[in-house]
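Every number here is computed from the coordinates shown, using simple stated rules; none is lab data. Bear in mind the structure is a predicted one, so any value in this text is a computation, not a measurement. A quick note on method: Cβ atoms are made from the backbone with ideal geometry, for glycine too, and the neighbour counts reach across all protein chains shown.
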Amino acid sequence: MAKRIIVLEKRDLGGGLTLNAVFWLTVPASRQTFYARVGATSKWIGASVGENASLASGAIAERAESYVVPPGATLAQIRNALEAIWTKFQADVEAYNIWDRYGSFWDDSDTWTAAGAS
């Protein structure tokens, strides 16, 4: 099973508990080129060579976020909240496509050639 949420640390700075986590999001195949970053590695030091390769290739996007735990929250509530955050971020990755016309071009013979990532 692929990892989706990895808690990096928890901090209590006197104002309540904060969890720092990374969220691994699946990128649609047609847009992976735009997410690719040569040599990219996870903020999580436990990432495997294969997981880092997926991040570098753009197959997986990593988003680091902090989550402030509400006072009195149970472990189940915290887990559910993190899962809801992941679900929103995944939906954002799937919906975000500014490259749907990327590479379209006009030549001087009055012809437009359409391109782009779906």
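What is the set of long-range amide H partners of A64 at a cut-off below 5 Å, with H atoms built 1.01 Å from backbone N?
F23
Calculated from DSSP H runs of 4 or more alone, at -39500 (n - 2.57) each and per residue, what is the 222 nm mean residue ellipticity of the chain, nearest 500?
Calculated mean residue ellipticity at 222 nm is -9000 deg cm²/dmol.
Work out how much length A2 to A84 would gain on full extension: take 0.36 nm times their residue separation and subtract the Cα-Cα distance, in nm to one decimal.
This chain segment gains 27.8 nm when fully extended.
For the pair S57/D110, report the inter-label distance in nm, with labels modelled 7 Å from Cα in the Cβ direction.
Placing both labels 7 Å along Cα→Cβ, they lie 4.5 nm apart.
Using r as the Cβ-Cβ distance of L17 and D92, and R0 as 25 Å, what FRET efficiency do you calculate, to the nearest 0.05?
The formula returns an efficiency of 0.50 here.
Expressed as an acute angle from 0 to 90° and rounded to the nearest 10, what is the orientation of the C-alpha long axis of helix 75-95 relative to the principal long axis of the chain?
Roughly 10 degrees between the two axes.
Cα convex hull of region 29-118: how many Å³ per residue?
128
Taking neighbour Cβ counts within 10 Å as the exposure measure, how do T87, T74 sort from fewest upward? Each step should come with its number before you reach the end.
Working: T87 12, T74 8.
Neighbour counts put them in this order, fewest first: T74, T87.
Multiplying the sequence separation of R101 and A36 by 0.36 nm and subtracting their Cα-Cα distance, what value in nm do you get?
Length gained, R101 through A36: 21.5 nm.
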